[in-house]
Amino acid sequence: MKPIRLLPLAATALLLMQSACRVDGEAPAAPPAATASPDAARELVARGEYLVRTTGCNDCHTVGYAEQQGEVDTSQWLTGSPLGYKGPWGTTYAPNLRLKLVDMDEAQWLDYSAALRTRPIMPDFSLRAMSQADRRAIFHFIKSLGPGGAPAPAYLPPGQDPPPPYFELVVPAAASAAIGTP
Ligand code: HEC
């Protein structure tokens, strides 16, 4: 009999929990960073810095980062690079992300980064696969750096020779077709 007598109690408890959840659900979502506590805002920026440092963004978007084993002051980070990446897609340059984000707010960045399609050598698939929380942290870190540096060189279509320095990727014809462009 015991389990049967317990059942209504369990059901009541469940109902209470559900209504508690509903009340929670009606509460406003997490406040935007501007109104978050200074500690929370600092943590978000620190998380963004950690992600940028460990997921490789600087390898391409920061001049001399790999050559200096990552010992580049954050004030220089993500200002883009004149190192070209030449392949069947033409020649691409890692753009200045600090200038890119000047006119973007958080919501725009979240939409943009979730759907980003670029030419190689940018691992756009990695950014798309990142959680919204991580992409949000990256946004706030880049914003915290402020605008800086100059625009990177413009993309060159296939058939044009870039000035040095550039990497050239030589691929078999089949792979070349597979790489394609977005
Ligand atoms: C292997 C080199 C490489 C790495 C690593 C890399 N990028 Fe890029 N990124 C590029 C290149 C090159 C382009 C330009 C692609 C093009 O011209 O279509 C680019 C383009 C972008 C763009 C589009 C900018 C625009 O103006 O259209 C964004 C945003 C971006 N990268 C963010 C990131 C972030 C964030 C990371 C780290 C998670 C990262 N990238 C890592 C090379 C890289």
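Annotation: the antiparallel percentage among DSSP beta bridges lying fully within region 36-175 is about 55. Taking 7 Å steps out from each Cα toward its Cβ at Glu43 and Ala115 produces label points 3.2 nm apart.
How much accessible area per residue does region 36-175 have, in Å², with a 1.4 Å probe? Mind showing how you got there, number by number?
Details: 7790 Å² over 140 residues.
Accessible surface, normalised per residue, equals 56 Å².
Simple spin-label estimate for Thr55 and Ser131 gives 1.2 nm between the two label positions (7 Å along the Cα-to-Cβ direction from each Cα).
Just so you know, the averaged projected area of the alpha carbon convex hull for region 36-175 sits at 9.3 nm².
Between region 73-95 and region 113-151, the alpha-carbon centres lie 14 Å apart.
Note on Phe167/Glu106: beta-carbon distance plugged into 1/(1 + (r/R0)^6) with R0 of 35 Å gives a FRET efficiency of 0.60.
The values are calculated or read from the model by the stated rules, or taken from the named source; none is laboratory data. Just so we're clear, the structure is a prediction, and the values are computed from it rather than from any experiment. All Cβ positions, even for glycine, are placed from backbone atoms using ideal geometry, and neighbour counts span all protein chains on display. Note: accessible area is taken over every heavy atom of the protein model, side chains too, but ligands, DNA and RNA are not part of it. Shrake-Rupley method; radii C 1.70, N 1.55, O 1.52, S 1.80 Å.
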